[in-house]
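Worksheet: the structure to be examined is printed underneath.
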Amino acid sequence: MPVLTVNDLHKSYGTRTVFDGVSFSIEEGEKVGFIGANGSGKSTLFRIVAGEEGYEAGTLAFQRGLSVGYVAQEPVFEETDTILRAVASGRPELLDAISEYHEVAERLAAGDSSPRLLERQGAAMERIDALGGWDYEHRMESVLTRLGVDAWERPVGTLSGGERKRVALARVLVQQPDLLLLDEPTNHLDADTTLWLEDYLLDYAGAVMLITHDRYFLDRVVTRMIEVNRAELTPFPGGYTEYLEAKAERQARMAVEEDKRAKLIEQELAWVKRSPSARTGKQKARIKRLGTTQREQEERALPDLDSVEMRFGEPPRLGRTVLDLHGISKSYDDRVLIRKFSTLLRSGERIGIVGPNGAGKTTLLRIILGEEQPDEGRVEWGKNTKIAYYDQKRADLDPEKNLLQSVSNEDWVEVAGRRTHVRSYLHSFLFPSEVHEQKVSSLSGGERNRLLLARLLLQDANLLILDEPTNDLDLMTLQVLESALADFPGCVLVVTHDRYFLDKVATGLFVFEGEGRVHRHEGSYDLYRRLREEEEGRKGEMEEARAGKGKEPAPRAEPRSGRVRKLGYREQQELKGMEAAILEAEQERARLEAALADPALYSERSEEVADITAAFAEAGREIERLYARWEELESIREGS
């Protein structure tokens with residue numbers, strides 16, 4: 001039974017049509033992911049459903065008594081409210097009763113046991129019981145803790161953008177509405193917190209509408225995808241992987257149709273050229289049909305999603321040393337963020353920097369850039385190293401400048417060895433001519449990120465340092481950015497919580513593990529995660545064994561001779577090369593996925609689509625086989 005039915009919805013901003021008669025429904029308990037380019041109307045649709053924005057025509061029918069909770073990209077609060085009061089907004093009477101109870105309890109604990117105070121405590125308890133508040137308070141504290149929000153008496157007005165987003169998420173999760181609308185909920189969440197949110201939503205009884213660029217999140221949580229594109233909605237069953245497969249098949253069919261139409265046009269054009277004289281009515285009709293066919297082909301040939309063009313030029317040649325960190329340490333207020341971290345960045349490496357919020361990732365970047373001094377250690381640069389920096393706070397963008405001024409003071413720019421007019425360059429980043437004179441302050445978060453990327457590509461650098469570049473970007477722009485970084489011949493350091501992005505781009509990781517420990521991992525994020533889960537499982541078994549809990553571990557099987565099975569020489573060599581083999585297989589899968597995401601494949605090489613799709617599926621199976629073999633070899637090695 002649907003909890004929401006939207007029928008023939010129309011929405012426009014001036015002359016720009018956002019939705020032109022779209023219809024869809026959301027069933028009870030369904031988890032639906034909405035994807036599309038920045039500016040396609042996803043957030044507008046969510047605001048309409050949440051009742052925060054109007055529309056010109058159509059109907060929205062909600063199930064009787066339905067409660068709706070909404071987390072916007074940029075949530076709004078009463079700036080003077082504390083975090084606890086903001087999370088409990090909508091139930092101020094309950095929060096007042098809980099606050100009074102805790103205030104009285106503190107005075108009683110301090111020795112004041114007057115009858116009047118005891119009466120106030122009893123009255124507060126009765127009010128909380130009547131409002132069902134004890135469970136509500138527990139939920140607030142539990143959700144805030146899991147989302148990494150502390151010091152709950154702080155005013156919301158003092159919080160960073162990331163903290164405000166987590167407080168907004170806590171507020172709506174505590175309310176447990178029947179229909180949950182989440183606009184980019186994973187922005188500013190670290191990987192572990194994102195995993196927790198995935199588990200929470202998988203068990204969530206209500207329906208969920210979700211906008212996110214986190215493709216692992218989409219694959220794990222949603223049961224249906226809806227693509228928002230050119231004022232239309234297109235549904236796809238399943239998660240992100242199923243969406244890609246269905247999209248590939250659909251575009252392959254369209255490519256075949258376009259080939260047929262192109263041949264028809266060629267035939268018609270040949271006829272027109274052969275018959276220049278004495279146009280009869282039938283001939284004129286045939287010429288008119290040719291013009292119509294050509295226009296239809298041009299319209300159909302447009303890509304489903306407008307795509308950004310990103311091309312890095314050939315960077316200055318890197319020397320033997322790119323970056324060398326010698327025993328870097330940094331503390332704030334007796335809290336150690338980085339403790340004696342040393343590492344060497346080699347030519348061609350792309351390193352992802354991961355860890356919980358506040359662990360010190362951005363601090364490490366600031367030390368590398370020379371914007372902050374370490375307490376101990378030193379940073380050594382290669383003599384040929386040139387840096388381009390992408391700042392997550394977008395501090396380099398002057399809000400009072402227009403887009404043209406923000407990109408260049410000249411009319412022409414050079415990109416990948418080609419001289420291009422600055423207006424054409426902006427257009428390649430999906431900024432149409434009519435917005436070139438607009439101020440940066442008028443841009444959305446995703447548009448500002450695209451503008452920063454446009455500036456980044458113009459810099460003559462061989463080391464890119466990127467702090468949260470994926471926030472607010474749509475999936476198509478993310479795919480193009482991933483492909484550009486994978487082909488970049490220089491080095492990359494990137495802070496991001498986007499696990500999919502890391503798996504496609506990073507050749508290794510700097511992992512912030514807490515208490516100042518920073519560990520270097522070679523290989524993909526997925527490989528790191530699997531190794532960590534195995535290590536945590538082993539630690540759990542050891543703790544249970546020490547505590548005398550759980551079942552006795554089953555004895556390892558031994559051969560009939562009574563001797564423990566050991567790895568042979570070939571198996572030892574196979575195990576040594578397993579990590580590299582898995583990394584190579586994952587890079588091949590990423591390459592094939594990038595090929596499937598390229599619109600040119602369907603328009604120029606449609607005959608290759610089936611083979612590439614099959615190879616992509618086979619690459620996934622090969623990765624699973626390698627992981628299974630690795631676990632098998634490891635279990636034999638540990639048993640010996």
Any aspartates and glutamates with Cα under 19 Å of the K386 Cα? List them, leaving off those in the same chain fewer than 8 positions away. E314, D324, E349, E371, E372, D396, E414, D460, D467, D487
The chain, relative contact order [Cα under 8 Å, separation at least 6], %: 13
Taking Rh as the Kirkwood radius, which is the inverse of the mean 1/r over Cα pairs, what is the Rg/Rh value for the stretch 302-456? 1.04
Calculate the length of the line joining the C-alpha centroid of the stretch 346-415 to that of the stretch 208-245, in whole Å. 32
Could you give each residue of the stretch 208-221 its phi-based ³J(HN,Hα) in whole Hz, using Karplus coefficients 6.51, -1.76, 1.60 with θ = phi - 60°, and x for Gly or Pro? 10, 10, 9, 10, 7, 9, 7, 6, 5, 4, 4, 4, 8, 9
Going by amide H atoms built from the backbone, whose H comes under 5 Å of the H on L493, apart from near neighbours? I351, L464, I465, L466
Charge tally for neighbours of R64 with beta carbon under 14 Å away, counting Lys, Arg as +1 and Asp, Glu as -1, is -2
Could you give each residue of the stretch 159-173 its phi-based ³J(HN,Hα) in whole Hz, using Karplus coefficients 6.51, -1.76, 1.60 with θ = phi - 60°, and x for Gly or Pro? 7, 6, x, x, 5, 4, 5, 5, 5, 4, 5, 4, 4, 7, 5
The chain: calculated mean residue ellipticity at 222 nm from DSSP helix runs of at least 4, using -39500 (n - 2.57): -14500 deg cm²/dmol
Karplus (6.51, -1.76, 1.60) ³J(HN,Hα), θ = phi - 60°, over the stretch 434-439, in Hz, Gly and Pro reported as x: 5, 9, 4, 8, 6, 6
Using mean Cβ contacts within 10 Å as the protection proxy, how do 534-546, 20-32, 442-454 order, highest first? 442-454, 20-32, 534-546
Among beta bridges assigned by DSSP with both residues in the chain, the antiparallel ones amount in percent, to the nearest 5, to 55
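Every read-out reported here was derived from the displayed coordinates using simple, explicitly stated rules and does not represent laboratory data. Small disclaimer: the values here were computed from a predicted structure and weren't measured. Cβ sites come from the backbone with ideal geometry, for glycine too, and all protein chains shown count toward neighbours.
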